[in-house]
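So the structure is just underneath, and the comments pick up after that.
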4 protein chains.
Amino acid sequence: MIKLANIGVIGCGYWGPNLIRNFSQIKDCKVLWCADLRDERLQHIKEAYPSVQTTKSYMDIINDKNVDAVAIATPVSLHFGQAKKALESGKHVLVEKPITSNSKDAEELIRIAEKSKKILMVDHTFEYSPAVNKIKEIIDSNELGKIFTIDMIRVNLGLFQKDINVVWDLAPHDISILLFLLRKMPLSVRADGVDFVQKGIEDDAHLALKFPDKVMAHMHVSWLDPLKIRKVTIVGNRKMLVYDDTAQNEKIKIYDKGVNLEKNSLPRDEYYSTWEGFKLVYRSGDVNIPRIEEKEPLSIMCRHFIDCIKTGKKPISNGNSGLNVIRVIEAMQESLKNNGAEVHLK
Amino acid sequence: MIKLANIGVIGCGYWGPNLIRNFSQIKDCKVLWCADLRDERLQHIKEAYPSVQTTKSYMDIINDKNVDAVAIATPVSLHFGQAKKALESGKHVLVEKPITSNSKDAEELIRIAEKSKKILMVDHTFEYSPAVNKIKEIIDSNELGKIFTIDMIRVNLGLFQKDINVVWDLAPHDISILLFLLRKMPLSVRADGVDFVQKGIEDDAHLALKFPDKVMAHMHVSWLDPLKIRKVTIVGNRKMLVYDDTAQNEKIKIYDKGVNLEKNSLPRDEYYSTWEGFKLVYRSGDVNIPRIEEKEPLSIMCRHFIDCIKTGKKPISNGNSGLNVIRVIEAMQESLKNNGAEVHLK
Amino acid sequence: MIKLANIGVIGCGYWGPNLIRNFSQIKDCKVLWCADLRDERLQHIKEAYPSVQTTKSYMDIINDKNVDAVAIATPVSLHFGQAKKALESGKHVLVEKPITSNSKDAEELIRIAEKSKKILMVDHTFEYSPAVNKIKEIIDSNELGKIFTIDMIRVNLGLFQKDINVVWDLAPHDISILLFLLRKMPLSVRADGVDFVQKGIEDDAHLALKFPDKVMAHMHVSWLDPLKIRKVTIVGNRKMLVYDDTAQNEKIKIYDKGVNLEKNSLPRDEYYSTWEGFKLVYRSGDVNIPRIEEKEPLSIMCRHFIDCIKTGKKPISNGNSGLNVIRVIEAMQESLKNNGAEVHLK
Amino acid sequence: MIKLANIGVIGCGYWGPNLIRNFSQIKDCKVLWCADLRDERLQHIKEAYPSVQTTKSYMDIINDKNVDAVAIATPVSLHFGQAKKALESGKHVLVEKPITSNSKDAEELIRIAEKSKKILMVDHTFEYSPAVNKIKEIIDSNELGKIFTIDMIRVNLGLFQKDINVVWDLAPHDISILLFLLRKMPLSVRADGVDFVQKGIEDDAHLALKFPDKVMAHMHVSWLDPLKIRKVTIVGNRKMLVYDDTAQNEKIKIYDKGVNLEKNSLPRDEYYSTWEGFKLVYRSGDVNIPRIEEKEPLSIMCRHFIDCIKTGKKPISNGNSGLNVIRVIEAMQESLKNNGAEVHLK
């Protein structure tokens, strides 16, 4: 078991510095390197973290025998090549979401990681968020009862990507949350999107996912909304839950609300001749706001990566979770191309 | 021109008493009658409005020569028959939304009304709301620029209907707002819904509408949500607008926000080899909350009905607007049956 | 015991019509009369409630032997004279808050009511509000522990009164809530106000009340605030509670939050040489939002009045509660005149 | 003029690390040293900023000739001694608020700084906040008209201080904002506080300040509130402004609301015989939310300090602003001791 994990970070754009910051705060790991093609990004890291070596060639990191693990935060199209080389050089690998740009590549990475007995982990940050874990606990306790619908909204103005559409950019977060909560793959998906700002790159999309047991999920992802919204509504037959990730406090509210069918002994109403012999009874009780631990999910994720390296245990967001998310997105992409037709997952 | 319009209200369930209350407050009209099959509803009206005659047979109203106009607030399936009889007996008619349960019936009502030269109006209440009219004014002034998307959410817990699904129940509001704002019919619709509580009656649906000029609208209507939400987000290429009808004040917020494409003179970034020769520039300015007149939309609607009766002018929400809404809903219903397939409007 | 209480309402300005509306909805009472000096107010009532007789002379009501009780909703300075005459004529009396314009008058009304064995009740509406009663229940259960502070804010723009200042106008609500919750009179008060809009009539005031057991209450009452705020924060040593009366739902939130003193075994910190041998431990748990019955407090108050008339039981907000509120306001008024000096209640 | 300012930070508790972080990001300055008595605090800094030297004796910093300026973030009682030594050793000095624990000391620091021609600046962070500067701009433009009241609320649960009460801890922020906005000292203050958790240390206080021209300000500062509130309401005779510093966006709202006195031609109302010959007319127009630059106030403050060192210009929050805040707090403290008596400032 290694005592101290030496890390190299590839890509210092938007997310890379967050990884460096978090890994730097972990006792039993050390950030040795970071790579980026842009001088000004490397300069920025040098000033903030003088002990981190910088390079324009990520191969310097992969070739350094002192490096135990690499974290890859480059554009999606580069993930596969970089992760493959790293695994083959005997490094543990953490890749930004989405793990690769297609499922074939993800499958290959999984195979290589298994063969080389290295950790392959994808940064599905929300799977480490205290709020999402609290929701999972609530669902697993059956407090909500049978789940009917999960409605997810993740919209704001920008940041428009130029190489991937809004589904590839934002939906991986919600899909990874969904698969994590439900522990199931959807049976089919449907996607409906439009490109307004950049031709050919959808910037607004509505997504529908059918799960087994008649669980329905919908997502609205958009780079075109005046408000920043990150909201999940889970409707169960016992209780309902709203998770607002932008709230400073009170992120999760559990509503003791519902509707029950009861035998109706009243005579039929002549006006409503189609009514069945039952009545609907509405329940509305207390609202509970559970306390959520205030901890940065990314920090928990980074610690988990180091922990998996040291103990050899399988990450929560492992290669297979990465692959599952890709399979769902690929199906959505296919639906997008086919004008919103339902696409079944194999 | 009649001085005083005598009104009969058919149906005293949820909405009827609101009509009676509003018509009672108008100087040049008088509520003569109300009809309902349920004794306790009639009793309720008798106590609140001693001067209103009550009956269990709506034909008493239609046969009363003193009655100038009837307002119909019964279940949808009864609208056509009652409106037809009323028009044929020479009454002006105001019908609750949706105007009828199919477009054929709506077309026939329009024909009869034209022939008998009577007012046929449908209670699309929101077309009279000061907030919706303010939004129309803002759109017409081109303050928002070219409209990209309109996202509408109308959800809450209940009231579950037993004879119609959530699309027929809630979507007419949003559709009538949309047609009113855009003055256009959609080219196609798509509907995706599920029935959880009552078998065969969808209680949660997501709806998509494609309009000319690449304007996209989406609606989420549901009887299954812990929160009461009535929200419309309109994204234009100049500004964006959010309308929250549940807000006590500050119903409309106009965001001076957007994204522009600009020629990019920077050298291409090697990491992002697919980037085009332009850059995206984000704008974020002030937010403005226009003052909205505080007036009950239903009261304005009732006054407009009386005004049309007296002057003979065509109502804003006339038979044709009623028909247009039905045509959209019928297309949605067809899509629902065909597993969400896109349905083009003829 | 009377079966049906006949009511006369004196004063049909802002509040009178609300009383008429609520009394009209109660089965075992009937509004016989209403009085106002203004023709247009009487006309307004006539239209809405054709069965109610109107008069410009309130003595018509007092002289009518069929009248069992009068409700007085006139300017404060008229309460005493009208209530006195009504009680002396054998009527039960409900008076708007504040009960009279000075405590001597209130005492006399109490004496007269006792002698004539009639109900004397003051309309402290909030003592009948489901939310305030829920708070009382929570306090009485000791869920909040020992109460430290109660902070009350009741501000908005207008309605500026011309005959009384903002303390006489708005503070009676908060004072009656406080006395109701704590079941105690304050030991002393302090008031600090300014007159901006109308010379000599304070439109903004801050009030402080010291209660036994070191309970402190503060009130901010103002006619000069852009927002309508009705908020009460109760800090106990176990839990804390916030009551927002303007919230459509979620009016009461109970915070499982607090701070405890614990013995501190750590060595003293040299920098902080004044520190004591203890440490402060912060608690922060769930938030609970109890369900509140949705019922108009005024309706409950009116029913309670009728119930007291019929059964002879003493009203919750009886003459003495009215007097207690006046005694507190008089002390505040004295403090206002003495530049905010502390005024002890006898 | 120095090119590069070398900084030493004394005190690495709650605020010190924020100063180190911000000074580290400024090009033309360098953090050479930090001092604290606690090993674990120094260790923490060493890890985050390996290039910063640490010491347990702040005299190491003052004796280092390479140090140009010191920033003092120690308990208030130590400010004077440390700042004095630093100034006398020829260092520029930035001191946390409040500048000293009494005005005599502040006056002496000002004298020493003047004599030694060094910068003496106090960290009134809010004077550098974009939101507060925007409010100042709005007030100076006379958009609000004549100011009536300023109401400030700064409450939350904890952090309880052990050496100073809540007035010394929290009120300096609001007082510095007030003096900055109004450019005037109050004529008198009044303070009313209670100690619940720690005997002898007020944890909840209400403060009143009378300014010239009948401007009234009130502050509620507390360590005992379940909610974190930082809110300022400014009522002018033209418009009103609410500043909510906890809002993520929309920190400032300007309400086009007010009340005007107009000549009243109506006949006097007999009920309201005290009414004057005027009427009150309420205005309620749009709400505007100006865009506020998103910049950390502390970063702007640190840059201003470096800028003043380099150019010799007088800081915005100079020794005199520090002294003025102390004078107000001392008067409040005197009022606290005298049971809330009004205390005039000399």
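Listed values, structure above:
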quantity	calculated
Criterion violated by C:S265 - all others in (1) loosely packed, with under 14 Cβ neighbours inside 10 Å; (2) at pLDDT 95 or above satisfied	(2)
Of the criteria (1) modelled with pLDDT under 95; (2) in a strand (DSSP E or B), which one C:N288 fails	(1)
Selection from the range A:187-209 of residues that are outside any loop (DSSP other than H, G, I, E, B) and touching a residue at least 60 places away in the same chain (Cβ under 8 Å)	A:S188, A:V189, A:R190, A:A191, A:D192, A:G193, A:A205, A:L207, A:L209
Single unsatisfied condition, A:C12 versus (1) touching a residue at least 24 places away in the same chain (Cβ under 8 Å); (2) within 20 Å of the chain's Cα centre (by Cα)	(2)
B:S103 being surrounded by 22 or more Cβ atoms within 10 Å (Cβ to Cβ) and not hydrophobic (A, V, I, L, M, F, W, C)	no
Long-range neighbours under 9 Å by Cβ, at least six apart or interchain, first residue within 10 Å of another protein chain (Cβ to nearest Cβ) and more than 12 Å from A:P50 (Cα to Cα) within the range D:34-55, second among the hydrophobic types (A, V, I, L, M, F, W, C) and in a helix (DSSP H, G or I)	D:D36/D:L42; D:D36/D:I45
Scan of the range C:219-238 for residues that are surrounded by 21 or more Cβ atoms within 10 Å (Cβ to Cβ) and either assigned to a loop (DSSP other than H, G, I, E, B) or at the interface with chain D (Cβ under 9 Å from one of its Cβ atoms) (or both), ordered by number	C:H220, C:S222, C:W223, C:L224, C:D225, C:P226, C:T233, C:V235
Top-ranked residue of the range D:239-250 - restricted to ones that are modelled with pLDDT of 95 or more and over 28 Å from D:I164 (Cβ atoms), ranked as nearest to the other protein chains (Cβ to nearest Cβ)	D:M240
Every pair of residues 6+ apart whose Cβ atoms lie under 6 Å, when the first sits in the range D:134-149 and is under 13 Å from C:L224 (Cα atoms) while the second is assigned to a loop (DSSP other than H, G, I, E, B)	D:F148/C:F196
Conditions (1) modelled with pLDDT under 95; (2) under 13 Å from B:I326 (Cα atoms): number failed by B:I164	(2)
Scope the range D:208-218; condition in contact with a strand residue (DSSP E or B) (Cβ under 6 Å, 6 or more places away or on another chain) and within 10 Å of chain C (Cβ to nearest Cβ); matching residues	D:A208, D:K210, D:V215, D:M216, D:H218
Residue selected from the range D:119-159 under the condition assigned to a loop (DSSP other than H, G, I, E, B) and more than 14 Å from chain C (Cβ to nearest Cβ), by the criterion farthest from C:D151 (Cα to Cα)	D:I119
Checklist (1) of a type in the set (D, E, K, R); (2) at the interface with another protein chain (Cβ under 9 Å from one of its Cβ atoms); (3) crowded, with 21+ Cβ neighbours inside 10 Å applied to A:K162, failing item	(3)
Members of the range C:301-322 found to be of a type in the set (V, I, T) and either part of a loop (DSSP other than H, G, I, E, B) or surrounded by 18 or more Cβ atoms within 10 Å (Cβ to Cβ) (or both), listed by number	C:I306, C:I309, C:I316
Selection status of C:H173, out of contact with any helix residue (DSSP H, G or I) (no Cβ under 8 Å at 6 or more places or on another chain) and outside any loop (DSSP other than H, G, I, E, B)	no
Flag if B:A217 is within 20 Å of A:G340 (Cα to Cα) and under 17 Å from the mean Cα position of the chain (by Cα)	yes
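Each row is one residue, and each column tells you yes or no for (1) at pLDDT 95 or above; (2) under 30 Å from B:I234 (Cβ atoms); (3) in contact with a Gly (Cβ under 9 Å, 6 or more places away or on another chain).
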| residue | (1), (2), (3) |
| --- | --- |
| A:A131 | yes, no, no |
| A:S141 | yes, no, no |
| A:I147 | yes, no, yes |
| A:D151 | yes, yes, no |
| A:H173 | yes, yes, no |
| A:S176 | yes, no, yes |
| A:S188 | yes, no, no |
| A:F196 | no, yes, no |
| A:H206 | yes, yes, yes |
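Table: residues versus (1) within 19 Å of A:P315 (Cβ to Cβ); (2) in contact with a Phe, Trp or Tyr (Cβ under 8 Å, 6 or more places away or on another chain); (3) not acidic (D, E).
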| residue | (1), (2), (3) |
| --- | --- |
| A:M59 | no, no, yes |
| A:V76 | no, yes, yes |
| A:A83 | yes, no, yes |
| A:V93 | yes, no, yes |
| A:D105 | yes, yes, no |
| A:E143 | no, no, no |
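The values are calculated or read from the model by the stated rules, or taken from the named source; none is laboratory data. As the structure is a prediction and not an experimental result, all values here were calculated from the model. All Cβ positions, glycine included, derive from the backbone under ideal geometry; neighbour counts span all protein chains shown.
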